[in-house]
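What follows is a set of notes on a single structure, which appears directly below.
The values are calculated or read from the model by the stated rules, or taken from the named source; none is laboratory data. What you see is a predicted model; the values in this text were computed from it and never measured. Cβ placement follows ideal geometry from the backbone for every residue including glycine, while neighbour counts extend to all protein chains displayed. Accessible surface areas use protein heavy atoms only, side chains included; no ligands, DNA or RNA. Shrake-Rupley method; radii C 1.70, N 1.55, O 1.52, S 1.80 Å.
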Amino acid sequence: MEKKMKKFFIDLVEAPSPSGFEQAAQEVYRKFIGEYADDVKTDVHGNVIAFKKGTGDLRLMLVGHADEIGLMINYIDDNGFIRFVPIGGVDVALLPGTRVNIYHEKNLVRGVIGRKAIHLLKPEERKNSPKLEDLWIDIGAIDREAAEKRVCVGDPITFTPGFEVLEGDIITSKATDNKAGVFVVASVMKELAKVELKCNLYSVAAVQEEVGLRGARTSAYGIDPHVGIAIDVTHSSDFPGISKNTLGDIRLGKGPVISVGCNINPKVFELLKKAGDEAKVNYQIEAAPRGTGTDANALQVTRSGVAAGLVSIPNRYMHTQNEVIHLGDLTDTAKLLAKFTQLIDSETNFIPGV
Ligand SMILES: [Zn+2]
């Protein structure tokens with residue numbers, strides 16, 4: 001991956017953006033995309049919409065969600081210890097003993113998530129994973145008054161591990177879900193910057209996916225696309241304890257994962273595969289027999305319906321502090337989608353069976 005792009009990805013994953021507090025990540029996106037788009041707008045919900053004009057009327061929307069899971073302060077006790085609630089799907093078992101960042105106005109406050117030491121746990125406490133109410137954040141404050149000088153109820157909190165290379169292109173970080181998607185929609189626009197398109201391209205960094213696909217819904221309503229592709233992460237099945245019988249065979253480094261099923265327009269599915277073949281990109285297929293838990297779901301049922309697609313980046317340990325992905329899958333996904341964008345125009349028929 002070229003240096004500039006790697007830096008962009010690192011800036012994205014390290015920017016704090018729990019759902020509802022995305023603007024630090026959105027600023028990274030806005031700064032990057034400006035030179036490649038004809039226009040960049042931020043809507044009232046916080047979605048950032050980059051636009052590149054093509055010939056013809058067809059509107060294509062690519063969307064990656066900029067929000068990440070996190071925590072939020074809901075109570076500070078008399079001794080200055082902070083209680084918190086999750087933003088999105090947080091695995092409480094992974095929290096004790098970790099460090100967190102609390103964002104208070106313009107300040108960053110460091111904290112640790114405390115739990116009784118193993119010596120002090122009762123036998124039944126040792127057996128069970130902790131509950132949210134057993135945990136707290138310690139910011140070193142001596143009492144409530146001292147804590148309230150530095151933080152307040154409502155402050156957002158993120159996990160801290162930043163970007164790190166494990167080996168070659170295999171990297172770990174918090175929030176690859178779904179800065180990976182934001183990175184891809186930006187990369188597609190960059191790749192097509194000098195290309196004349198036969199469709200109008202909207203690359204969207206959407207907010208609030210982790211709390212109910214909310215930003216994709218508002219941005220899609222505004223854009224009113226004919227075709228919409230969500231780019232997100234999906235579970236790989238290439239690590240211990242995972243059954244390929246249930247998840248299928250999805251591996252890191254084997255390329256973008258194209259979903260098929262009721263959430264996906266069949267013609268979009270075929271065109272995505274064609275784009276992969278023409279771009280000479282390896283891809284994998286994922287069976288999705290229901291509405292997916294991704295922005296593709298919100299896209300598809302916008303207004304009177306949008307021809308939806310879903311392309312995903314294989315991801316290990318999703319929603320943990322240390323997710324693992326392969327950077328090659330990001331560049332391959334961008335290549336596939338850049339090709340897809342060039343395969344469609346106002347004449348393309350997305351009506352199933354006709
Ligand atoms: Zn997620």
message = Going through I87, I49, I33 one at a time, which residue ends up being touching a residue at least 12 places away in the same chain (Cβ under 8 Å), buried (at least 21 other Cβ atoms within 10 Å of the Cβ) and within 16 Å of the ligand (Cβ to nearest atom)?
response = I87
query = With (1) within 28 Å of V100 (Cα to Cα); (2) open to solvent by less than 40 Å² (accessible area, probe 1.4 Å) as the list, and V188 as the residue in question, which single condition is left unmet?
reply = (1)
ask   = Is it the case that some residue within region 116-129 is touching a residue at least 40 places away in the same chain (Cβ under 8 Å), open to solvent by less than 50 Å² (accessible area, probe 1.4 Å) and part of a loop (DSSP other than H, G, I, E, B)?
value = no
request  = Look through T333, T292 and report the one residue that is buried (at least 22 other Cβ atoms within 10 Å of the Cβ), over 30 Å from T98 (Cα atoms) and within 16 Å of the ligand (Cβ to nearest atom).
outcome  = T292
ask   = Out of the residues in region 191-212 that are touching a Lys or Arg at 6+ places or on another chain (Cβ under 6 Å) and either among the hydrophobic types (A, V, I, L, M, F, W, C) or surrounded by fewer than 22 Cβ atoms within 10 Å (Cβ to Cβ) (or both), which is farthest from A66 (Cα to Cα)?
value = N200
Hey, G215 more than 16 Å from the ligand (Cβ to nearest atom) and either open to solvent by 10 Å² or more (accessible area, probe 1.4 Å) or touching a helix residue (DSSP H, G or I) at 6+ places or on another chain (Cβ under 9 Å) (or both) or not = no
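Within region 231-247, count every residue that is surrounded by fewer than 24 Cβ atoms within 10 Å (Cβ to Cβ) and either touching a strand residue (DSSP E or B) at 6+ places or on another chain (Cβ under 6 Å) or on the phi < 0 side of the Ramachandran plot (or both).
As a first pass, look at region 231-247 and keep what is surrounded by fewer than 24 Cβ atoms within 10 Å (Cβ to Cβ): 235, 237-247.
With the extra rule that they be either touching a strand residue (DSSP E or B) at 6+ places or on another chain (Cβ under 6 Å) or on the phi < 0 side of the Ramachandran plot (or both), the set shrinks to 235, 237-240, 242-247.
Total meeting the criteria: 11.
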task = Considering only residues that are surrounded by 16 or more Cβ atoms within 10 Å (Cβ to Cβ) and over 19 Å from the mean Cα position of the chain (by Cα), look in region 145-168 and name the one that is nearest to V207 (Cα to Cα).
result = D155
task = Filter region 1-38 for residues that are in contact with a helix residue (DSSP H, G or I) (Cβ under 6 Å, 6 or more places away or on another chain) and among the β-branched types (V, I, T) and give the result.
result = V13, V28, I33
